[in-house]
Amino acid sequence: MYRLLTSLEEAIALGRIPGEVPFLRAERAVVHARLGELELARREVAILRGLSETQTSPALNAWLWLAEGLADYYENLSLRARDRVHRAMALAASLKSARVHALAAAWLAHMSFRVHDYTATVQHLGTALRMAAAEHHAARSRACIVVAGVYHYAGREDLAQPWYLQARTHAATEGDGAALSSIMYNMAALRVMGVRLAERFGAADELKAKRARLGTESSLFLDQSVRTKALSNHPPIQRALILTAHGEFAEALGLYEHHLTEALAEGLTGSECLFQADRAWCLLELGRSDEALSAARLADSAFLYATEPEEEAIAHALLSMVFERLGLPDVALVHADAAQRMHGVYQAHCRTLLQAMDAAQLETLRLGPIAA
């Protein structure tokens, strides 16, 4: 990311073509947003919106909508972000401005996937990959990250790997540390979720659990080296989830105590049912039954605004065990049934995604090896 920022700073300072400088500053605002430097990003957008040339430059406004959308997203995963990025893409499309169009489409695919709008996800991925030139590393790396995430989420890490590799190559070529961090985080998060699902609905795999733990540690290290401030409480919560899988309940509980409130403020309220259920299990394993019951009740109430079926499935399975151990077998049975039901919903999502990806044939749009 420093190389990417440095190149933008140098181009802005040189300013050989004055008309290009506002666009370079807008791109810099996009980078600042992705790093979590939200005040810098928003200040730059405000300054650029105040320039007289902005009023007569729809293309520049497209970049500014994109920067604002990403600032919203990296503050707390705001749904408003999707609307702003959609405005950026629509404006770019009307102007036939391919660079910002491709980048906005890639980010719209990312945001659409988060809200389970799979039709839009695949559509925007196709747009991004078709429109982005081979050297448009920002758009292609983001699109490849999303494709990899879709396959990985759907249980096909084998199909995800070529896309992770392509995303990593694009990011490294541009010196985009934030994208490299995103790749590492997403891969680790999906591996952690796979481990937790296997615990409750399959067979625990010690090797995969170790690999997931190593991934979370590597992700945290890379975030520190890049010095990203974006959504900084998400990785510690991910680490707590894998520590529980390794039976390190006190360490996991400590991470929840230090980071959960902030992580929820950063947009993870839809996952609170899982975090509270995991807390309940940790507390129970540590002999703190009364606190475990309180956490279990918090988890139960958090299902009202849960958004991820796989997380709900794991949370219900954990609560079933917690309530059984607390002497509430009837409540435990309700959660056991709900766990199976939500696991079925998750599996249906996976099938839908794989069918959509198969129909889209996005692999035909993936580049061959590129030099880093």
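Some points to look at:
Yes/no matrix, rows are residues, columns are (1) over 18 Å from Ala67 (Cβ atoms); (2) of a type outside the set (Gly, Ala, Ser); (3) not assigned by the TED database to the domain that holds Leu35:
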| site | (1), (2), (3) |
| --- | --- |
| His86 | no, yes, no |
| Ser112 | yes, no, yes |
| Thr121 | yes, yes, yes |
| Leu125 | yes, yes, yes |
| Cys144 | yes, yes, yes |
| Asp158 | yes, yes, yes |
| Thr169 | yes, yes, yes |
| Asn186 | yes, yes, yes |
| Gly194 | yes, no, yes |
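- Output for region 181-204, where each listed residue is among the charged types (D, E, K, R) and crowded, with 23+ Cβ neighbours inside 10 Å: Arg196
Here is a yes/no grid of residues against (1) free of Cβ contacts under 8 Å to residues at least 12 places away in the same chain; (2) surrounded by 15 or more Cβ atoms within 10 Å (Cβ to Cβ); (3) under 18 Å from the mean Cα position of the chain (by Cα):
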{"site": "Glu206", "(1), (2), (3)": "yes, no, no"}
{"site": "Thr216", "(1), (2), (3)": "no, yes, yes"}
{"site": "Glu272", "(1), (2), (3)": "no, yes, yes"}
{"site": "Leu284", "(1), (2), (3)": "no, yes, no"}
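- For region 66-103, a tally of residues being touching a residue at least 12 places away in the same chain (Cβ under 8 Å) and either crowded, with 24+ Cβ neighbours inside 10 Å or among the aliphatic types (A, V, I, L, M) (or both) returns 22.
- When region 304-319 is limited to residues that are touching a Phe, Trp or Tyr at 6+ places or on another chain (Cβ under 7 Å) and of a type in the set (Asp, Glu), the one that is nearest to Cys350 (Cα to Cα) turns out to be Glu310.
- Output for region 173-206, where each listed residue is in a helix (DSSP H, G or I), at pLDDT below 90 and out of contact with any Leu (no Cβ under 9 Å at 6 or more places or on another chain): Glu206
- Test: residue in region 237-245 that is in the same structural domain as Met184 (by the TED database), surrounded by 15 or more Cβ atoms within 10 Å (Cβ to Cβ) and under 24 Å from Leu79 (Cβ atoms): yes
The values are calculated or read from the model by the stated rules, or taken from the named source; none is laboratory data. Here the structure is a predicted model, which means the values were calculated and not measured. Please note: Cβ atoms are built from the backbone with ideal geometry, for glycine as well, and neighbour counts cover all protein chains shown.
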